[in-house]
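Every number in this text was worked out from the coordinates using simple rules, so none of it is lab data. Since the model is a prediction, treat every value here as computed from it, not as a measurement. A quick note on method: Cβ atoms are made from the backbone with ideal geometry, for glycine too, and the neighbour counts reach across all protein chains shown.
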Amino acid sequence: MGKPMTQIYRYVIEDRRHVPPFNEPASQLTIGLKELKIHQEDLFSALFSQDMSLGAPLRSRDEITQITEPAIVYCDSLWFDAEFLDTFWQQAQQHNRACRAAFPADDKAFRTYALPLSTMFEEAISPDGSAIYLMDLWYLPHGYEPDPEPVIIPSDAKEKGFYSVPDFMTMEQGDLTHYLPARAALSIESWVHVYFASIIFGVFSRASRFDDRVAQHNFFALKLLWRAALEMKQVLSTSTAVKVGRGTVIHPTAIITGPAEIGENCTIGPGVMIDNCTIGNNVTVDDGCVLMMSTVADGSFLPFRTALYLTAVMENTIMAQNTCLQMCVIGRRSFVGAGNTFTDFNLIEQKPIRAANNRGELEPVGQIVLGSGVGHNVRIGSGVIVYPGRMIESDVVIVASPERRVIMRNVYYEESDHHQFMRKHRRFYPRDRRREIVAEENW
């Protein structure tokens, strides 16, 4: 990454809106293994070393006009990867005037993942007349200037499949595929965006880049082969492909294939299968669990035969035995009981799944298959089935019963079963009063 030659300030626009169903601002949500604000700070620290000073927080875009010194400005709900930030910085320096990040309107990856459920991107026309979307990331080399020049960053995404299924499930569109970008950014306004950032732009894209590196760099491919011979393992199970932290204990019968990262002081039990996952510190994965293209944050516990598929789990959460989660996001300090199943496909009406936006309104997300979002401090009893695209709000308790065995619509705190069955269940994440509940969803 390039290093600036002069001191530069970093200004953060605070987006205080709560992201459903977590009832927290985006900056406090865990994307992968880190809170979004920590992720942003780490990227800027790597790019700018000690030359960056933090300016006073901004409450809106309008306050950018008050900036008089060289600065980078961004919204704290904007997620971007290192490749996107580095590309923006390298191109912005060449203009020597105020710049704003943008992406082409016809970019398949950005159209598929950044635009649905989002309100933060502004439509515009580039100097060459093409349609673009502006995002909340600026470079101001001389302080604020009106009409910043767009720095258009394509994702250069590659379309790659993740499994092959009969045509009736894909609505005759071919195999299920995703657009895996070389550079990625999106605004975190829904649990769906957390899923896209953590899984599609995270571990899935990491695997794509790993494959490209093996194919394009002979030295790296030879290194993999050498480690495989030296360690007597398959190529994708070597220490080059699987990073393991100190104090972690892995049972000899566990199968782990990379690219994968496992943190410190973890326990991986007998018969566990882990493929292209990121696991935090102090995580226990018990006997017979299967984890594929998922993230599990610090302090979580997965008892025997838990299955995660393209799922993001935040800190200190328990996924009980025989539970199956596909393409889901689970908030911190939650409990998902034994035998729960989160479905990911519309059986009757085979159409793209809809999910709630930040205003609680249902919108298509452009996905044929998608799981559900569970907030923080949620307790779900055993044997529950959750339909695709649904949300369970933070602090909700669900006790399986003949009346509530299948979750067919969003569940809010006012509908929590603890109001009937328990005296106390402390509410840690109250809803933003500015966000109204949609009384009746039409799925």
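Residues considered: Ile67, Ile318, Ile268. Largest GNM mean-square fluctuation over the chain, using C-alpha springs under 10 Å, is found at Ile67. Centre-to-centre, using Cα atoms only, region 189-259 and region 23-102 are separated by 28 Å. Compared with the direct C-alpha span, the chain from His251 to Lys34 gains 75.4 nm at full extension, assuming 0.36 nm per residue. DSSP bridge analysis restricted to region 199-421 gives an antiparallel fraction near 5%, rounded to the nearest 5. Applying 1/(1 + (r/R0)^6) with r as the Cβ-Cβ distance of Ser126 and Glu403 and R0 = 41 angstrom yields a FRET efficiency of 0.15.
Note on Thr65/His95: beta-carbon distance plugged into 1/(1 + (r/R0)^6) with R0 of 22 Å gives a FRET efficiency of 0.70. Projecting label points 7 angstrom from Cα along Cα→Cβ for Asp156 and Ala82 puts them 1.6 nm apart. Applied to region 289-304, the Karplus parametrisation 6.51 cos²θ - 1.76 cosθ + 1.60 on θ = phi - 60° returns per-residue 3J(HN,Hα) values of 6, 10, 10, 10, 6, 10, 10, 10, 7, 3, x, 7, 9, 10, x, 4 Hz, with x for Gly and Pro.
Its DSSP H runs of at least 4 residues, each contributing -39,500 (n - 2.57), put the calculated 222 nm mean residue ellipticity of the chain at -4000 deg cm²/dmol, to the nearest 500. Among Ile330, Ile64, Ile31, sorting on how many other beta-carbon atoms sit within 10 Å of each Cβ, with the fewest leading, yields Ile64, Ile31, Ile330.
Per residue, the convex hull around the alpha carbon atoms of region 282-425 comes to 111 Å³. The residue list Met232, Ile255, Gly271 was ranked by how far each Cα lies along the charge dipole of region 199-421 toward its positive end, using unit charges on Cβ atoms, and Met232 comes out on top. An oblate overall shape is assigned to region 6-67, the ratio a/c of its alpha-carbon gyration tensor axes (a ≥ b ≥ c) being 1.5 or greater and a/b not exceeding b/c.
Between Gln216 and Asp147, what FRET efficiency follows from the Cβ-Cβ distance if R0 is 25 Å, with the result rounded to 0.05? Computed FRET efficiency for Gln216 and Asp147 comes out at 0.05. An oblate overall shape is assigned to region 282-325, the ratio a/c of its alpha-carbon gyration tensor axes (a ≥ b ≥ c) being 1.5 or greater and a/b not exceeding b/c.
Taken about its Cα centre, region 199-421 carries a charge dipole of roughly 480 debye when the Cβ of each Lys and Arg holds +1 and the Cβ of each Asp and Glu holds -1.
With a cut-off of at most 14 other beta carbons within 10 Å, and DSSP calling the residue loop, which trypsin sites (Lys or Arg not before Pro) in region 43-104 qualify? Please list them.
Passing both the DSSP loop test and the Cβ count: Arg59, Arg97.
The charge dipole of the chain, taken about its Cα centre with unit charges on the Cβ atoms of Lys, Arg (+1), Asp and Glu (-1) only, comes to about 1200 debye. Positive end of the charge dipole of the chain (Lys, Arg +1 and Asp, Glu -1 on Cβ, about the Cα centre): tell me which of Pro141, Met120, Asn281 has its Cα farthest that way. Value computed over the given set: Asn281.
Nearest-5 percent of antiparallel DSSP beta bridges in the chain? Antiparallel: roughly 30 percent of the beta bridges in the chain. Given their separation in residues at 0.36 nm each and the Cα-Cα distance between them, Ile385 and Arg209 gain 59.8 nm when the chain is fully extended.
If both residues of a DSSP beta bridge must be in region 1-160, then about 55% of such bridges are antiparallel.
The gain in end-to-end length when the Trp226 to Leu115 segment is fully stretched comes to 35.6 nm, 0.36 nm per residue minus the alpha carbon separation. Once the chain is represented by equal point scatterers at the alpha-carbon sites, with solvent omitted, what log10 I(q)/I(0) does the Debye formula produce at q = 0.11, 0.12 Å⁻¹? So the normalised log intensities work out to -0.90, -1.07.
Distances between placed amide hydrogens fall under 5 Å for Gln367 paired with Ile353, all partners being 5 or more residues away or on another chain.
Charged side chains reduced to their Cβ positions (Lys and Arg at +1, Asp and Glu at -1) give region 167-281 a dipole of some 620 debye around its Cα centre.
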